Each structure stands twice: as C-alpha cells, then as structure tokens.
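The values are calculated or read from the model by the stated rules, or taken from the named source; none is laboratory data. Fair warning: this is a prediction, and the values are worked out from it, not measured in the lab. Virtual Cβ from ideal backbone geometry, glycine too; neighbours counted across all protein chains shown.
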Amino acid sequence: MTTMSAEFIALHGRCSSLVLELPPGEAPLWRHWGARLPDDLDPGAALRDTRALPTFALDQDLPLTVAPVFGTGWFGQSALLAHREGRDFAQGWTGCVPEWTVPGRALTLHLSDAVAQLRLDLSITLDADSDVLVLRATLHNDGDSALDLQWLAAGTLPLPGHCDAVRSFAGQHVHEFLPQTDPLTRSLWRRESRRGRTSHDCFPGAVVTTPGATAQTGRVFGAHLAWSGNHQQTIEWLHDGQYQWQFGEWLAPGEGRLAPGASLTTPELVASCSDQGLDGLAANFHAELRRRLDWPGGAMRPRPVHLNTWEGVYFDVHPGPVKAMATAAAALGIERFVLDDGWFHGRHHDRAALGDWWPDATKFPDGLGGLIAHVNALGMEFGLWVEPEMVSPDSELFRAHPDWALQIAGRPLLTARNQLVLDIARPEASDHLFEKIAALLAAHPIRYLKWDLNRDLAPAGLGDGRAGYRAQVLAAYALMARLRAAFPEVEIESCSGGGGRIDFGVLRHAHRVWTSDCIDALSRVEMQHGFLQFFPPEIMGAHVGTAPAHTTGRTQSMAFRAAVALSGHLGVELDPRRLSTEEADELRGWIALHKQLRERLHHGRVWRGEAGDGLRWQFHADADRADGVLIVLRTRPSDHRQPPALRLPMLDAAARYRVRELRPDGAPPREGRHDTAPFFDAQDSAEGVTLAGAWLAEVGLPMRRAPAETAFIARIERV
Ligand code: DGJ
C-alpha cells in the first residue's frame, strides 16, 4: 500500500498485524506490531510527517527501524556492532529491497550498506493461524577485509510505551523456570547468558505485559530465541515513548569474525502477541512449536509412559535387577523403559567414563541385547541415556584424544561434575560419536535417546585457540540431525541436568525435554506453570518420583505426585520393585487415568490460573472449550474454614457444563467426612453436576475442603 508519499508493508495474522514503512534509501520503520488491523488499513501519513523534531537533537528524525544501527545516528541499542580493524565501526543502511517469499505471509528485507560494504537479509514471517512472528537475520561481509562482528540481533521488536512489566525466568539446577517480574522503566533491561547452553538460570525468553493484563485477558507480548547457546536480550525505552526489544546470540570475542565474502545467520527469534493474556500467548507458542516438532512417522503418537531408572538405582544398573525393574514397570502400565546413566564402559560413578559409549563388560558382559529383548517382550519400548558432548578425563576417549576437549592452551582444564566438553565441531570427534551411537542404534531396537548435557561450557576454546560456543551448538544440532536421519524412528529427549537445554532450537531435533532434576511435586507446580508459558504439555517430561523427594527431602502423597505429573509426558522415576502392593495399585490407577486423558491433555489449549488461597489450576481443552480436563492443585492449607469457589474465566458464558470429578480406579477412599457435602458427592458420581458457564466463570465452582498438597481433577464438558 502507498499513501502520502510513503510505502507500507503489512503482515496479518488471525489476531495480530505488523506494519512497516519503507522510506527510500534506509531501513524500514516499525509502525505497528500488535492488534489485528483491517487488511487495507491506510496508516494515513508517513511517520516523519507526524513528528516534529525535538530540541537539541540531530536534524534528522530517527524512528525505530527493523535494524537500528549506530551509523545513522541511532543512540539506542544497535542491532549490529561490528568493525574492520577499528574502521567501519558505524554502519548505516543505504538501501532496502523487500521481497515476498510467501506473499502476504513471509518477507525478506534485503538491506545494504554501500559504505561499510555489508548486506543484511532480515526474514520476517507471521503465521496466519498462530500469530507467531519469526525473525532471523543474515549478515554478509561484501568487503575485501575481515569484519569483526560483535553483536547481531536476530530481530528488533517495537513495544508500545504503556507496557509496564517484563516477566522472565531466573532459576538454577533443580529450580528451573523461577518467575521474575521487573518493572519496565527508563533503565535498560537486560538478560544474558554466557554458559554456552540454554541455561537453568536465564531462559532465553520473556513476556511483556500491559497494565491490567491477566492470565486470560489483556495485551501481552512474548519472545523467545530458538537457540541452545549464549544469548542476550534487552528492552530499552526510546525517546518517542515506546520500547525496543532486541534479542540475539551473545557472541564471544572473535566468534563473529567474518572473512571477505562470509556471512553469519542468527538463530530464529520467535515472538507473538495476544489480547487474551498470558494463556492466549502460550497458545500461540504451543501452536508454533507443534508445527515445528519433527515426529517419527510425521505425527505425534500418544506419549508413551516412561520408567526412567535414574532415581531408582542411579549408577547401579545390573541386568538382573534392571530386568526385575522392567517387569515391575510393565505391571504398572509403563510403555517405555529408559536405561539412564551407568550402563557404559567403566561408568560406575560420575567421575569417569563419559566418551566410552559401549556397554560396560562387567555389568553387561553380553551387551544390552538381553535387557532390551526382555523390555520388548514385556511390551515396552527401550530408551537409552547418552551424553555425547562430554568426556571424562578418566576415559579411554580422553586418554586417546586429550586434544578433543574444549580448552585453551596454557590454561587449566576446568571440570564440572568431573567432566570436560568435547569439541564436537571437530569432524573426527563428531564422526566418532556418530559411529558409536549409530552402532548401538543399529544393533538394537532402541527407540529413544535421553540426550544429556551436564555442564556449562567454560571456556569453549577450539583447537586453534578461537572461541567455539556457537560452533558447539551448531555441531550438537548437526549430530542430532545426522542420527535422526539415519534412524528416523528414534525420538530424542533434550535433558541438561534437568532443564538446562529447553528451547525451540533443540526442539527441531528433540521430542521431549526433561523439565528439571527436581521431581518434588510441590516444586514442580511452579516450574511447570512457567514451562507452559512457552512449551506445550506433551513435551514436558513429568515424573512420579519417590517420597521423600531426593532433591528436597519433602514427602508428598502418591496422589499429589501423580496429579502434578499427570498433564505432561508422564513418567515414573523410582524403583518399582520397592513399591508396596497398595502403592503399586494406586500408581497403576494414575497411569491408567493418564492414558485415558492424554489425548485431551496433549492437544488443544491450556489455561493456567492462580486462584490465591494456595490454589493453582490448569484447564486443558479444545479451543472451543467444549471438552476439558481441570486439574486443581492445593499447594498449602486454605486460609478459610470454607474455601472460596474457583472461578473458571475461560469457560463459555453462554454454555452449560457438566462437571465430573475424576479419580483413578483403586484410589484410596477419602479420609473422614469433613471434606464433603451433597454437591461434592454429586460431582463425584457418574452423572456429575451441571452448571452454567457464566456461573462458573463469574461465581465459580465450589471447592471441597482439602488438606495441603492435594489435587482435584474433573472433566468439564459442554452439555
Ligand atoms: C542429569 C539428568 O538430568 C538426570 O536425569 C540423569 O540423567 C543424570 N544426569 C545422569 O547422570
């Protein structure tokens, strides 16, 4: 569209639009990213025609562009920082050619800097259904000397000035997705990670809210870098009252050095906005991830329930006991048996053996075949733990190739969990890993790899002395892709000491993530709530662990542990041989209930709520809210003698709903009668109770008196 001497480009989703203005000879200006605008809406005027120059400013007006740079006189964060031996330090775009790659949906802006001899291709795609915007930049060095690139934003997004807060995640090992809310002010907001992996403590994503936004209402914006390495994001107040949000890979010194003719492509920046609050935004991200996941056979099959051996026996994996575990697991209804750490040559503790990827002869003298056949005969798939990117100093691999560890000559090797990082960007190292893992996959029906990564990269020195953070991530992706291409029926779990590598980048290759090494159900409530902001439940590894929980020492009932894990990709992580008959029966009931519900839990939308008074809830339903599963978790005792009703604002006010309590077969009877009343008995019957959507949304569903760390689960169907 063209109006008053200005040209515009618009992309429209279902509920959002973006509009760029294309002044000649410079980068496109951001005019809008937010609510859906009519298809041919005329912006009315060129932006500069609507703004007077402030006093004491440059004599050119510099609005926010898609790639603001230093050389035009931009004083804010630059989307590009680079130089040639100290020269060409300030770039400026002198031309832009837009090209539709998919008309109306996907566009590449070809920007050029004739002075610094650079080109930037910025691709922008807005998915019509999910309202997810994907940005990615490629910088080409067209000069005849090397360019030192220090920073290249994958994208620069505009945020309206009334945004008031940014919600991100802090955390640590065994406490991922710790919510952190910061006010947006005139100070620069910045989060960055230099750990070489996605990290436990600084998830590469955030949500920006506008005043009054809630879980279900109000305008919110979200962005996530699809990358498993270093990252940086900033939100900066601009002098015209809006904010710019920049996101990209943090490059170590020298990592962005581009020889003449070379180019560098950033990771994808995945962003979205919603007028339906945090859950509307979550639905957009879930839709985008579901579109990306590359399932064996082309489609997700119901997520098989796991037994993971780790917390059950740790390194003590001997075929006899492990077979007995498998037999006990099958009797619970387990569908995939995952042999965790401890199975390979010399691996009896965490001080040795990483790199020696063949079965330990003292534990498995005849290899893994017997165990795998036993597991398969029980009707379960077999999965195997590996940590390919690592090497123990005490390993045959390291003794043979000490130079294959990331290191800096003359500096000490820094171990973490007694291990070093392999330089898998070396073709010989990644070929070696491919051969070793491929040999196992070719010899046995192994359908699943739990792919771990148990330390940060510090420092990631390559053999030639340069930094290798970026190379390491790309090489890990390439190794996963190569194994998947050779063994397309194999699924991969991305684990990194729990949740250290959870991102849309690794999820191009993986199918499940291990959310956290903390299986304590109470801790998991908050972590999973945060996780679901960006990721759908079917990829969320959620296990029923032991009581007391190994990482916290806290004890919760089987029912609470199972209810918290119920909505994710369910697993069990304990030694099933040690369960009493009653515990095994109860767990079997929960697994059966999960199987009954998983189609509903793992498709459609998720709404999440915090109702106060210690109640958190999740509602998994189709987009029409005709059929859903409600999971209500009481994390602490109620402050009230009679707990308030629970409002369910996402329900259709015009509909009527049948609410039926769901309990697993074999669940122990409720203790005492202090927690019941005729309504709850009816709700607990096969017919359930029928209530108006408007009533449930505004007044709420009566809540039973219940002790702390208990759950209430119900099917809610439109009648
Ligand atoms: C860390 C993982 O998060 C655990 O689940 C387990 O696989 C251990 N590593 C094994 O070393």
Exercise. Of the residues that sit in segment 347-381 and are of a type in the set (Gly, Ala, Ser) and in contact with a helix residue (DSSP H, G or I) (Cβ under 8 Å, 6 or more places away or on another chain), which one is farthest from Met558 (Cα to Cα)?
Worked result: Gly355
Exercise. Does Asp350 count as touching a residue at least 60 places away in the same chain (Cβ under 8 Å), acidic (Asp, Glu) and crowded, with 16+ Cβ neighbours inside 10 Å?
Worked result: yes
Exercise. Any residue in segment 315-324 that is within 29 Å of the chain's Cα centre (by Cα), among the aliphatic types (A, V, I, L, M) and away from the ligand (no atom under 16 Å from the Cβ)?
Worked result: no
For this session: Name the one entry in Val19, Val69 that is at pLDDT 95 or above, surrounded by 16 or more Cβ atoms within 10 Å (Cβ to Cβ) and closer than 20 Å to Asp127 by Cβ.
Result: Val19
For this session: Name the strands (runs of 3 or more DSSP E) wholly inside segment 607-666 in which the number of residues that are modelled with pLDDT of 95 or more, of a type outside the set (A, V, I, L, M) and within 13 Å of Ala711 (Cα to Cα) is 2 or more.
Result: 615-621
Problem set entry | Any chance Thr214 is in contact with a Pro (Cβ under 9 Å, 6 or more places away or on another chain), assigned to a loop (DSSP other than H, G, I, E, B), touching a residue at least 60 places away in the same chain (Cβ under 8 Å) and surrounded by 22 or more Cβ atoms within 10 Å (Cβ to Cβ) | no
Problem set entry | Contacts under 9 angstrom Cβ, first residue in segment 603-619 being over 20 Å from Pro637 (Cα atoms), partner in a strand (DSSP E or B) and β-branched (Val, Ile, Thr), 6 or more apart | Phe619/Val606; Phe619/Val629; Phe619/Ile631; Phe619/Ile716
Seminar exercise, completed: When Thr55 is run through (1) closer than 25 Å to Glu236 by Cβ; (2) of a type in the set (Val, Ile, Thr); (3) in a strand (DSSP E or B), the failure sits at (3)
For this session: Return yes or no: is Ala361 farther than 24 Å from Val513 by Cβ, under 32 Å from the mean Cα position of the chain (by Cα) and more than 16 Å from the ligand (Cβ to nearest atom)?
Result: no
Seminar exercise, completed: Across segment 83-111, the tally of residues that are surrounded by fewer than 17 Cβ atoms within 10 Å (Cβ to Cβ), part of a strand (DSSP E or B) and among the basic types (Lys, Arg) stands at 1
Problem set entry | In segment 385-421, residue farthest from Gly346 (Cα to Cα) [restricted to those that are touching a strand residue (DSSP E or B) at 6+ places or on another chain (Cβ under 6 Å) and among the polar types (S, T, N, Q)] | Gln407
Exercise. Out of (1) within 14 Å of the ligand (Cβ to nearest atom); (2) in the same structural domain as Trp310 (by the TED database); (3) touching a residue at least 60 places away in the same chain (Cβ under 8 Å); (4) on the phi > 0 side of the Ramachandran plot, the odd one out for Gly367 is which?
Worked result: (1)
For this session: Give just the number: which of (1) surrounded by fewer than 18 Cβ atoms within 10 Å (Cβ to Cβ); (2) assigned to a loop (DSSP other than H, G, I, E, B); (3) in contact with a His (Cβ under 7 Å, 6 or more places away or on another chain) does Arg303 not satisfy?
Result: (1)
Seminar exercise, completed: All-but-one check, Val606 against (1) among the aliphatic types (A, V, I, L, M); (2) surrounded by fewer than 16 Cβ atoms within 10 Å (Cβ to Cβ); (3) in contact with a Pro (Cβ under 8 Å, 6 or more places away or on another chain), failing number (2)
For this session: Go through (1) part of a loop (DSSP other than H, G, I, E, B); (2) in contact with a helix residue (DSSP H, G or I) (Cβ under 7 Å, 6 or more places away or on another chain); (3) not charged (D, E, K, R) and name the single condition Gln407 misses.
Result: (2)
